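Remarks on the structure that follows.
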Amino acid sequence: MKKILIYAALLVVTSLPALAQNHQNDGAGQNALVDLLVARERAVYETLLKKDEKTLNNLVASDLVLVHSQGRRTRAELMKDMRDPDYSEDVPTIEDPQVTMIDQETAILTYRGTGRRTYKGESYIAKGYATSIWSRRDGEWKVIFHTANVVRQAAAPSK
């Protein structure tokens, strides 16, 4: 499994420019997969917002790896963050989603996004790029890896 994650991460880093063109003209099946994975990606954010641990467990793999500016994080750490009353995150926009298949059971989803995050009363708007690797396990697509790169961040106006 570690070899797959390392291979996938290297593939993403070295081939991001090609990803944007890879799914075009692949037909209805590819478009349906893009729609499905985008819906599941949004569902992850929605369950985090609702602090719905049961649903989140159905969307993320037990061996989930997250890589952000704070470093490498696990599923257990994600669950802990979700329960933190000082942290919240709105469902971000998912723009220009692209899917690249690694094999029949593994897909890379890349997109641009904008979202509001709040920690200890301070809100900010983050804009950036995200990559998730989804794996079909027991017939269900589950996220096994996620990383986001913030390219712009600004204080958010009060809601």
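The values are calculated or read from the model by the stated rules, or taken from the named source; none is laboratory data. These numbers come from a predicted model, not from an experiment. Cβ placement follows ideal geometry from the backbone for every residue including glycine, while neighbour counts extend to all protein chains displayed.
Given the criteria within 15 Å of the chain's Cα centre (by Cα), in a helix (DSSP H, G or I) and at negative phi, does D35 qualify? For D35, the condition - within 15 Å of the chain's Cα centre (by Cα), in a helix (DSSP H, G or I) and at negative phi - is met.
Contact annotation: residue pairs with Cβ atoms under 9 Å, 6 or more positions apart or on different chains, pairing a residue in segment 117-137 that is farther than 18 Å from M82 by Cβ with a partner that is surrounded by 15 or more Cβ atoms within 10 Å (Cβ to Cβ) and of a type in the set (D, E), are W134/E41. Taken together, the residues in segment 92-113 that are part of a loop (DSSP other than H, G, I, E, B) and either in contact with an Asp or Glu (Cβ under 8 Å, 6 or more places away or on another chain) or without any contact (Cβ under 8 Å) to a residue 40 or more places away in the chain (or both) amount to 4. A Cβ distance below 8 Å, combined with a sequence gap of six or more or placement on separate chains, defines the contacts here; from segment 35-60, residues that are farther than 17 Å from S88 by Cβ reach residues that are basic (K, R) and in a helix (DSSP H, G or I) in the pairs L59/R40; V60/R75. Just one of the listed residues (R137, R117, R152) is surrounded by 16 or more Cβ atoms within 10 Å (Cβ to Cβ) and charged (D, E, K, R), and it is R117.
Just wondering, is there one or more residues in segment 138-146 that are of a type in the set (K, R), part of a strand (DSSP E or B), in contact with an Asp or Glu (Cβ under 9 Å, 6 or more places away or on another chain) and closer than 19 Å to V38 by Cα? Checked against the condition, which is being of a type in the set (K, R), part of a strand (DSSP E or B), in contact with an Asp or Glu (Cβ under 9 Å, 6 or more places away or on another chain) and closer than 19 Å to V38 by Cα, segment 138-146 yields no hits at all. Mind telling me which of the residues Y87, Y124 ends up being at pLDDT below 95 and in contact with a Phe, Trp or Tyr (Cβ under 7 Å, 6 or more places away or on another chain)? Y87 is the lone residue from the list that is at pLDDT below 95 and in contact with a Phe, Trp or Tyr (Cβ under 7 Å, 6 or more places away or on another chain).
Annotation: of all residues in segment 111-159 being under 24 Å from N57 (Cα atoms) and among the β-branched types (V, I, T), the one that is farthest from the chain's Cα centre (by Cα) is T118. Can you pull out the residues in segment 63-91 that are of a type in the set (S, T, N, Q) and assigned to a helix (DSSP H, G or I)? Scanning segment 63-91 gives no hits.
Of the candidates V151, V143, the single residue that is at pLDDT below 90 and of a type in the set (A, V, I, L, M) is V151. Taking the stated definitions as given, is I144 among the β-branched types (V, I, T), within 16 Å of T47 (Cβ to Cβ) and either touching a residue at least 60 places away in the same chain (Cβ under 8 Å) or buried (at least 18 other Cβ atoms within 10 Å of the Cβ) (or both)? No, not satisfied. A single member of V60, V67 is surrounded by fewer than 17 Cβ atoms within 10 Å (Cβ to Cβ), of a type in the set (A, V, I, L, M, F, W, C) and either within 30 Å of G121 (Cα to Cα) or under 12 Å from the mean Cα position of the chain (by Cα) (or both), and it is V67.
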